[in-house]
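Enquirer: Before I ask anything, let me first share the structure, which is written out below as structure tokens.
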Amino acid sequence: MKDKIIKSQLVLENVSHNYGAVTVLNNLNLVVNSGEVLVLVGPSGCGKTTLLNLLSGHIKPSSGIIKREGIILTVYQQDGLFPWLTVVENISLGFSKLMNDAEREAELKELIELIHLNGFEQYYPHQLSGGMKQRVEIARVLAGDSDILLMDEPFSALDYQTRLRMRFELIRILKQKQRTVVFVTHDIEEATQLADRILVLTNRPTTISCELTIKSPRPRNHSDPSVINAITTILQEMKL
Amino acid sequence: MTETTIFRNESTKPISSKTANIFGFLLPGIVLITLLLVWSLISFTNLFPTYAFPSPLAVLKSFTEEIIAGRLLNDIVASLWRVSVGFVLSALLGIPFGLWLGQHINARRAFVPMLNFFRFLSPLAWIPFAILWFHIGDKPAIFLIFMASFFPLALATMSAVATIPNIYFSVAKDYDIKGFSLITKVVFPAVLPQIITSLRVSCGIAWVIIVAAEMVGCQDGLGYGIWEARNGLRLDAAVCYMIVIGLLGMIIDRLLNQLTKLPNIRWGYER
Ligand SMILES: Nc1ncnc2c1ncn2[C@@H]1O[C@H](COP(=O)(O)OP(=O)(O)OP(=O)(O)O)[C@@H](O)[C@H]1O
Ligand SMILES: [Mg+2]
């Protein structure tokens, strides 16, 4: 597991994507800066998941160029853990085959502590709560020597309180293990508390309607002026 | 497949409290004793002639006879052996075949109609061929067991593969699991709970078929025991064989059910 990103590049150039007759993305240009937390917000069905799948390489664009450098791993909305593997076995999926047993042991211990799941190492996912499962997912992508993390509404299946807690957990974890993050959410407050930069997307065919940069340091209180200003701007942009 | 859900809930409801435990023994016990009483009553009133309706006592007597003569144990071993061999063979071939079918759409197109055809063809229809091809002994019975369990197993495995959530394949791709290890590390464990359910179903079928198979192609075994009892008009012995067949079937199913308690399989029954 790395503590810092060594190299990461993620660039979309004139990317379009359509499913049959449905054009989802039209000539999208996007540069994800190394080390930033980029948050995408936009209406349901506008193509956020599609965009992440293009970034990760799970699907190929209909046209355009995608440049990637660095290891990319995804945190899924839910059920991304293999239910037949324990917490430790799931996290170990990310380890490189070159590591020896002692290195694995040490990293596992560090990761388990990082996500506060001591004592649950041998549990299976169905024996964990939703928040615990998402923390295991985060540990798994950190184990994988990843440079870039794609997160598709990772906390949206959780209850409100757990969601708040996970938001600050993620900030804490990213302070220790710096990564480039592309984070998709419906939750505007979540976006403004997490992001270095927020892109507001329009309805299909999707374009970027507005870009906000938030400079104030994390963790940010929800009454922080930078958070409130950003929320106001985004709500106006979405005509809500 | 519809039959794959039959056993699902049984072990998901843990009977934890003491009263539940007592009822677990008491209620079936009451039913059993009532059944025995009704049986005794009917045989006591001589509604049927004695040779056609043996009394519980006569059955108990022939039980001890069969055990002392060693026939019963010999027949149990013979039947268990045939079912085990036929069943293991069909699992060894049927499960990998199902895994392969599940991953290749064209293979499915090619094979599924044929598999369905044979699934609906009663394995007993193969009896004449079994005897002509394999003569008498273990082989025809094993062949029939194989024919009874191979097709449902392959089909159930195949449809289980089709229901694997796409996300598991995305995750596998993220962590560079591909080729043969995709099958052993993702596809197989993902369908294992469903495979075990279908093993229980097809083992039940196999246990039913063995009785019929042994009536025609064998010189021993539990099915043969019933057939011979009929020929000697010893229905008391036939009933004693029937009891053994039913009990053994229950025990085998219990044993297979233990598999569903393994922690890396348990998740499949917790949803
Ligand atoms: N595999 C697919 N085949 C055909 N159409 C698809 C496919 N995946 C997505 N779409 C369509 O593409 C559009 C964008 O879908 P996508 O899942 O990317 O949206 P989203 O922004 O992630 O939505 P949500 O916020 O609800 O998750 C939708 O209109 C959807 O119907
Ligand atoms: Mg989505």
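A short reminder: the numbers here are calculations on the coordinates, not readings from a lab. All figures in this text were calculated on a predicted structure; none of them were measured in a lab. In this analysis, Cβ positions are derived from the backbone assuming ideal geometry, glycine residues included, and neighbour counts consider all displayed protein chains.
Enquirer: Gain in length, B:Val85 to B:Lys18, computed as 0.36 nm per residue apart minus the alpha-carbon separation, to one decimal in nm?
Expert: Gain on extension, B:Val85 to B:Lys18, equals 20.1 nm.
Enquirer: Grab the Cα-Cα distance for A:Ala106 and A:Thr232, subtract it from 0.36 nm times how many residues apart they are, and report the gain in nm with one decimal.
Expert: Taking 0.36 nm per residue and subtracting the Cα distance, the gain is 40.9 nm.
Enquirer: Moving on. Provide the net charge surrounding B:Leu247, with neighbours chosen by a C-beta distance below 15 Å and charges set as Lys +1, Arg +1, Asp -1, Glu -1.
Expert: That sum, taken over residues with Cβ under 15 Å, equals -2.
Enquirer: Can you put A:Trp84, B:Trp39 in order of Cβ neighbours within 10 angstrom, beginning with the fewest?
Expert: In increasing order of surrounding Cβ atoms, one gets B:Trp39, A:Trp84.
Enquirer: Take A:Arg204, B:Arg82 and order them by how many other Cβ atoms sit within 10 Å, fewest up front.
Expert: A:Arg204, B:Arg82
Enquirer: Next question. Can you compute the equivalent ellipsoid semi-axes for the stretch B:152-271, i.e. the square root of 5 times each eigenvalue of the Cα gyration tensor, sorted largest first and rounded to whole Å?
Expert: 43, 14, 9
Enquirer: Would you list, by chain and number, the lysines whose Cα falls below 26 Å from the Cα of B:Lys173, excluding same-chain residues fewer than 8 positions away?
Expert: Result set, ordered by chain and number: A:Lys2, A:Lys4, A:Lys7, A:Lys48, A:Lys60, A:Lys67, A:Lys97, A:Lys109, A:Lys133, A:Lys177, B:Lys185.
Enquirer: What spacing in nm lies between the two simple spin-label points modelled at B:Phe120 and A:Leu98, each 7 Å away from Cα in the Cβ direction?
Expert: 5.8
Enquirer: May I pose another question? Under 20 °C and 1.002 mPa s, how fast does chain B diffuse according to Stokes-Einstein, given a Kirkwood radius computed over C-alpha pairs? Answer in µm²/s, whole number.
Expert: It comes out at roughly 101 µm²/s.
Enquirer: Angle between the Cα long axis of helix A:160-176 and the longest principal axis of chain A, 0 to 90 degrees, nearest 10?
Expert: Here the helix axis deviates by roughly 80 degrees.
Enquirer: Just checking the output field for A:77-89: average partner chain Cβ neighbours within 10 Å of each residue's Cβ?
Expert: Whole-number average of other-chain Cβ neighbours for A:77-89 is 5.
Enquirer: Once both axes come from the Cα atoms, what is the angle between helix B:105-120 and the longest principal axis of chain B, in degrees from 0 to 90, rounded to 10?
Expert: For helix B:105-120, the angle is close to 10 degrees.
Enquirer: Related question: Sort B:255-262, B:100-107 by the packing proxy (mean of other Cβ within 10 Å over each peptide's residues), most packed first.
Expert: Highest-to-lowest ranking by the protection proxy: B:100-107, B:255-262.
Enquirer: Normalise the Cα radius of gyration of the stretch B:80-207 by 2.2 N^0.38 Å (N = residues in it) and let me know the number.
Expert: 1.18
Enquirer: Net charge near A:Gly42, counting Lys/Arg +1 and Asp/Glu -1 over other residues with Cβ under 15 Å of its Cβ?
Expert: -2
Enquirer: Also, quick follow-up: May I have the convex hull volume per residue, in Å³, for the Cα set of chain A?
Expert: Measuring per residue, one finds 128 Å³ for the Cα hull of chain A.
Enquirer: For an R0 of 56 angstrom, estimate the FRET efficiency from the Cβ-Cβ distance between B:Ile136 and B:Leu26 and round to the nearest 0.05.
Expert: Step by step, r from the Cβ atoms, then E = 0.75.
Enquirer: Still on this model: Can you tell me the FRET efficiency between A:Ser209 and A:Ile59 if r is taken as the Cβ-Cβ distance and R0 is 25 Å, rounded to the nearest 0.05?
Expert: In this case the efficiency is close to 0.60.
Enquirer: Something else about it: With only alpha-carbon atoms counted, please give the Rg and Dmax of the protein assembly as shown, in Å.
Expert: 31.4, 98
Enquirer: Net charge near B:Asp220, counting Lys/Arg +1 and Asp/Glu -1 over other residues with Cβ under 13 Å of its Cβ?
Expert: -3
Enquirer: If you take the C-alpha gyration tensor of the stretch B:58-118, multiply each eigenvalue by 5 and take the square root, what semi-axes do you get, largest first, in whole Å?
Expert: Calculated on Cα positions only, the semi-axes equal 44, 12, 7 Å.
Enquirer: What order, most packed first, do the peptides A:216-225, A:7-16, A:69-78 have when packing is the mean number of other Cβ atoms within 10 Å of each residue?
Expert: Result, highest mean first: A:69-78, A:7-16, A:216-225.
Enquirer: Moving on to the next point. Could you sort the peptides A:112-119, A:165-172 by per-residue average Cβ neighbour count (10 Å cutoff), highest mean leading?
Expert: A:165-172, A:112-119
Enquirer: Just checking the output field for B:184-192: average partner chain Cβ neighbours within 10 Å of each residue's Cβ?
Expert: 2
Enquirer: About the Cα centre of the protein assembly as shown, how large is the charge dipole given +1 on each Lys and Arg Cβ and -1 on each Asp and Glu Cβ? Please answer in debye to the nearest 20.
Expert: 500
Enquirer: Sticking with this one: Tell me the angle of helix B:222-231 to the major Cα principal axis of chain B, expressed in degrees between 0 and 90 and rounded to the nearest ten.
Expert: Approximately 30 degrees, to the nearest ten.
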